[in-house]
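Report on the structure given below.
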Amino acid sequence: MDDHPRAGHLPAPGKRKVGLQGRAASAQIVEHDVAEGEDQADRVGLRYVYEAGFDPTKGPGLWENFKQKYGEEDKLTNFFTGDHSRPTERIRSIQRQLAIVSQFQN
């Protein structure tokens with residue numbers, strides 16, 4: 001009965017730890033979902049760039065400039081706290097998309 005959270009009482013230490021771990025895991029899942037949405041937005045943006053008549057091959061250079069100016073977090077920190085892919089991953093993703101498109105243009 002002492003482990004039951006009542007108004008003004010904290011749960012037992014072991015239960016607090018599980019609660020914090022659960023909240024941390026939930027937050028990480030949400031951040032991961034947001035990052036996936038941002039990756040999809042990058043792919044859609046690449047299409048818009050192409051359809052508007054701009055050169056999509058400039059995309060990797062844009063992200064390289066961004067990385068040089070602002071840097072990027074290490075992978076582990078970004079995994080837990082980031083809501084966007086790192087510039088390095090964005091560059092690779094754009095390069096993969098451009099490689100796929102070029103197969104159909106030749």
Per the list (1) at pLDDT 90 or above; (2) in contact with a helix residue (DSSP H, G or I) (Cβ under 7 Å, 6 or more places away or on another chain), residue check on GLY82 breaks on (1)
Among the residues of region 43-86, what is the count of those that are of a type outside the set (Lys, Arg) and farther than 22 Å from SER102 by Cα?
18
Name the single residue that is surrounded by the most Cβ atoms within 10 Å (Cβ to Cβ) among those in region 64-106 being among the small types (Gly, Ala, Ser) and assigned to a helix (DSSP H, G or I).
SER93
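The values are calculated or read from the model by the stated rules, or taken from the named source; none is laboratory data. Keep in mind that this is a model prediction, so the values were computed, not measured. Cβ: placed from backbone, ideal geometry, glycine included. Neighbour counts: every protein chain shown.
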